[in-house]
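These notes are about the structure you will find just below.
The values are calculated or read from the model by the stated rules, or taken from the named source; none is laboratory data. On a predicted model such as this, the values are computed, not experimentally measured, just so you know. A quick note on method: Cβ atoms are made from the backbone with ideal geometry, for glycine too, and the neighbour counts reach across all protein chains shown.
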Amino acid sequence: MSTGIQRPEQDPQRALFGHLAWRRVPNTFSFHIPNGGRRSPIEAAIMKSLGVVPGIPNVLSIKDGRRFALELKAEGGSLSRAQLQALEQMRAAGAEVTTAVGIDEALGQLKAWGLLR
């Protein structure tokens, strides 16, 4: 059953985490925080009060005490205001942060960061 909601970033993100499962270098921890999706105003308020921050990137990784954040965009996608703000705050806090368009660019970035073989 289709919900009518298009999520063009799901397939590339699924592929990216497949690569991480097989190709990540030792002692690399990568994950996704499922902040997206539609919520009722009450549920959104509850989530916000529990510390949920809008705009968190799709892929978060930790390696040797360094933090990496990758926002994976589908072709033609653009960053929201919340994403721009979250990326800047993470960068200011010392994380390495970037945006990649498509799976190839994302895999190249993870390899450049030394997270993939």
Discussion item. Restricting to region 19-58, and then to whatever is among the hydrophobic types (A, V, I, L, M, F, W, C) and in a helix (DSSP H, G or I), can you tell me which residue is farthest from LEU116 (Cα to Cα)?
Written reply: ILE42
Item to complete: Go through region 78-113 residue by residue and tally those that are at negative phi, in a helix (DSSP H, G or I), touching a helix residue (DSSP H, G or I) at 6+ places or on another chain (Cβ under 8 Å) and of a type outside the set (Val, Ile, Thr).
Response: 3
Worksheet item: If you take the residues in region 7-39 that are modelled with pLDDT of 95 or more and small (Gly, Ala, Ser), which one is surrounded by the most Cβ atoms within 10 Å (Cβ to Cβ)?
Response: SER30
Fill in: Candidate set: region 59-77, residues that are in a loop (DSSP other than H, G, I, E, B) and modelled with pLDDT of 95 or more; chosen: the one surrounded by the most Cβ atoms within 10 Å (Cβ to Cβ)
ASP64
Item to complete: Would you point out the residue of region 32-59, among those that are hydrophobic (A, V, I, L, M, F, W, C) and in contact with a helix residue (DSSP H, G or I) (Cβ under 9 Å, 6 or more places away or on another chain), that is farthest from ALA106 (Cα to Cα)?
Response: VAL52
Worksheet item: Within the set of pairs 6+ apart or on separate chains, which have a first residue in region 73-89 that is in contact (Cβ under 8 Å) with a residue 40 or more places away in the chain, a second that is hydroxyl-bearing (Ser, Thr, Tyr) and in a strand (DSSP E or B), and C-beta atoms under 7 Å apart?
Response: LYS73/THR99
Worksheet entry | Test for VAL97: is it touching a Gly at 6+ places or on another chain (Cβ under 9 Å) and either aromatic (Phe, Trp, Tyr) or at pLDDT 95 or above (or both) | no
